[in-house]
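The numbers here are math on the coordinates, done by the rules we state, and not lab data. What you see is a predicted model; the values in this text were computed from it and never measured. Every residue, glycine as well, gets a Cβ built from its backbone with ideal geometry; the counts of neighbours run over all protein chains shown.
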Amino acid sequence: MIHNLSEREQKILKLLMDGRDSSVSAMSEMLGVSQVTTRTILSGLSEKGLLVRTWGGAIPAIHPDIMNHARSNEEEKRRIAQAAASLVEDGDTIMIEAGTTTALVASYLLGRRVTAVTNSMLVVPYARANPAMQLTVVGGEYRPATESMVGPIALRQLEAFHVKYAFVGTDGFSLEHGLSTHLPEGAEVVRTMAARAAQTVLVADSTKWGRKGFVSVLPLSEVDVLVSDSALEQQLSEDARELFDGGRRRLIAA
């Protein structure tokens, strides 16, 4: 839902997250709009669950890291998510791991009859807008910085399902080091989802190629489908190209 914001909505969230004056009058002045318009925008953001209204103003309801990730390579992420969503057919079962790009996959499933399991709270608004989607959100420990549910409870509940696709993200990936992340609890979720899926689909923009996170997640050879932007093809080594040669594993360039 954070990807589908108007320019004014994005500006207001940025003002709030930068610690600026959160009063309606101050925001109206900074945006150059009336206070009535500002209140309307705030009400819309509140309905989307992105802020909490206060007396005369508002405070953000999402972690700054989420906004920063969402604004990074936004156009590429949209194309990647749309291409990944095109894999899903009516009646499919899927898992969606926490992340801004993975959550976007759900936005492109509108109207499709899909049974989805996720640990991402960012997926919930998209499911709310899609009556055809049957969504299960696993429990666990809530992490505001990633809008995710993690920990033993989340892992145990994920193990109860079998799905066709697991859509996962990464902080970095390469042939040598595979998928990696900065969050150990996130690595556990990805491993569990991959083990419960017939196919693991990695959605990651090309800027993450060659990066190495703190925690190893999966070897690249355990990814069945890699969906990235077209710039990745120019960066891949010959060995990496051979891995995704169109056989069991394939690369989709969005």
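At-a-glance table
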read-out: Segment 145-254: chymotrypsin sites (Phe, Trp or Tyr not before Pro) in DSSP coil with no more than 15 other Cβ atoms inside 10 Å; value: 214
read-out: Whichever lysines have a C-alpha closer than 30 Å to that of residue 212, once near sequence neighbours (fewer than 8 apart) are set aside; value: 14, 77, 164
read-out: The chain: antiparallel DSSP beta bridges as a percent of all, rounded to 5; value: 40
read-out: Candidate values (i) 33, 20, 17; (ii) 28, 23, 17; (iii) 38, 24, 15, label of the one derived for semi-axes √(5λ) of the Cα gyration tensor in Å; value: (i)
read-out: Segment 7-62: equivalent-ellipsoid semi-axes (sqrt of 5 x gyration tensor eigenvalues, Cα, Å); value: 14, 12, 11
read-out: With at most 14 other Cβ atoms within 10 Å, longest stretch of the chain clear of loop GluC sites (Glu not before Pro) (DSSP); value: 1-88
read-out: Dipole magnitude of segment 69-253 about its Cα centre (Cβ charges: Lys, Arg +1; Asp, Glu -1), debye to nearest 20; value: 420
read-out: Acute angle (nearest 10 degrees) that the helix 74-85 long axis makes with the longest principal axis of the chain, alpha-carbon atoms; value: 50
read-out: Other-chain or far-sequence residues with amide H under 5 Å of residue 148's (modelled H); value: 121, 143
read-out: Whole-Hz ³J(HN,Hα) from phi, Karplus 6.51 cos²θ - 1.76 cosθ + 1.60, for segment 187-197, glycine and proline x; value: 4, 5, 5, 4, 4, 5, 4, 4, 6, 9, 10
